[in-house]
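Report on the structure given below.
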Amino acid sequence: MKLDLQLYRGYANDDELVVFGHAFKSWAPDKYQIDRKGFKHAFAVLHMFRISPLKNVEVFLHFKDLKIRTRTMDDGYFRFNIPHNLNLDSGWHTYEVSCKLGEKDYGIVEKGELLKPFESNLSIISDIDDTFLISHSGNIFKKLFVMLARNVNRRKTFKDVVRHYQALSSSGHEGNGTHNSFFYVSSSEYNLYDFIIQFSKLQKLPKAVLKLKDIKTGITDFLGTGGGNHDHKFVKIKDLIAFYPKQQYVLLGDDSQKDAYIYERICKMFPLNVKAVYLRQTGSSKKSKIDRTLTNIERLDVATCYFKQSSEAINHSRKIGIIASE
């Protein structure tokens with residue numbers, strides 16, 4: 001049997017590290033080229049959702065002096081939450097995961113990265129679709145058309161959003177080689193992980209840890225991509241803030257789905273941790289429910305900005321002092 005691994009960017013603090021990924025029969029979603037043109041691109045996207053995870057197979061994590069084993073879940077997912085006493089420098093570190101199915105199997109070894117954040121006063125948690133990546137999430141037919149018709153080189157960010165994110169990344173770290181940590185938390189599935197990584201690199205967005213939705217395994221699942229329940233985003237954001245409880249956070253999202261209500265719950269649960277909430281207006285006018293939710297968030301002494309253009313968000317960030325004025 002063929003075997004493949006897809007590893008995701010992990011993260012660590014002074015006491016624990018988190019590494020996760022998937023094991024598959026044959027190819028993982030990241031093996032399909034996403035820069036092809038026309039029908040070849042559409043077929044590559046569809047193939048990302050025609051995958052066969054391997055359940056209950058043994059995987060090994062190799063990092064520094066650690067060698068830890070676990071087994072995959074029913075959907076091929078594995079996760080290591082490992083306490084450690086390592087003296088880890090801040091920044092990105094390489095880890096390895098290996099898997100072997102049987103004595104006659106050659107097995108596989110893949111390398112991934114994990115982040116130990118630099119010391120800073122700020123971390124950023126951002127949604128993806130219609131927050132920085134133009135996706136048309138409010139119109140499922142248009143969203144699917146864009147995914148199938150436009151490869152990674154033809155997809156776009158909103159004007160000035162990269163400038164805003166780069167300013168947030170460097171704030172407080174100008175010129176010294178360090179940066180604030182970024183986490184992208186989205187209802188896009190792990191099938192699209194490699195697309196998001198490549199798109200972020202092409203657009204020069206800050207390098208981030210990605211927390212996505214459970215992987216899908218069929219073409220019919222593709223039709224509902226990015227939809228359904230969004231509670232997983234709340235859980236993932238809650239877990240990140242609990243993992244780095246001394247950080248202040250900026251939360252960025254949009255008004256096309258449930259970001260406002262998720263962020264309100266986060267602010268209520270962590271009343272000392274959230275510095276500001278930014279929501280992009282995706283329609284022609286602002287939504288009254290979103291305005292009311294942001295007013296409620298402001299009562300918790302959290303700054304908010306409901307904006308159409310990223311230039312408005314940049315000006316707001318300068319006004320409240322989380323990025324430097326020009």
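The values are calculated or read from the model by the stated rules, or taken from the named source; none is laboratory data. The shown structure was predicted, so the numbers you read here are calculated from the model rather than taken from an experiment. Virtual Cβ from ideal backbone geometry, glycine too; neighbours counted across all protein chains shown. Quick note on the areas: whole protein, heavy atoms, side chains included, nothing else; ligands and nucleic acids left out. Shrake-Rupley method; radii C 1.70, N 1.55, O 1.52, S 1.80 Å.
Restricting attention to region 117-136, and to residues there that are over 16 Å from the mean Cα position of the chain (by Cα) and open to solvent by 20 Å² or more (accessible area, probe 1.4 Å), which single residue is farthest from residue 89 (Cα to Cα)?
So the residue we want is 136.
Would you check which residues across region 274-306 are of a type outside the set (A, V, I, L, M), touching a helix residue (DSSP H, G or I) at 6+ places or on another chain (Cβ under 9 Å) and buried (at least 19 other Cβ atoms within 10 Å of the Cβ) and list them?
Passing the criteria: 278, 280, 293, 304, 305, 306.
Which of the residues that make up region 23-51 are closer than 19 Å to residue 106 by Cα, not in a loop (DSSP other than H, G, I, E, B) and not charged (D, E, K, R)?
23, 24
Considering only residues that are open to solvent by 10 Å² or more (accessible area, probe 1.4 Å) and outside any loop (DSSP other than H, G, I, E, B), look in region 152-168 and name the one that is farthest from residue 326 (Cα to Cα).
Among those that are open to solvent by 10 Å² or more (accessible area, probe 1.4 Å) and outside any loop (DSSP other than H, G, I, E, B), it is 157.
Can you pull out the residues in region 74-101 that are open to solvent by 30 Å² or more (accessible area, probe 1.4 Å) and over 27 Å from residue 262 (Cβ atoms)?
Within region 74-101, 83, 85, 86, 87, 89, 90, 92, 94, 96, 100, 101 qualify.
So is residue 59 open to solvent by less than 10 Å² (accessible area, probe 1.4 Å), of a type in the set (Val, Ile, Thr), over 25 Å from residue 185 (Cα atoms) and assigned to a strand (DSSP E or B) or not?
Yes; evaluated as a whole, the condition is true for this residue.
Can you name the helices (runs of 4 or more DSSP H) wholly within region 181-297 that have at least 1 residues being at pLDDT 95 or above?
So the answer is 193-203, 231-243, 259-269.
Pick from region 1-36 the residues that are touching a Lys or Arg at 6+ places or on another chain (Cβ under 9 Å) and of a type in the set (D, E, K, R): which of them is farthest from residue 214 (Cα to Cα)?
Only one residue fits best here, namely 14.
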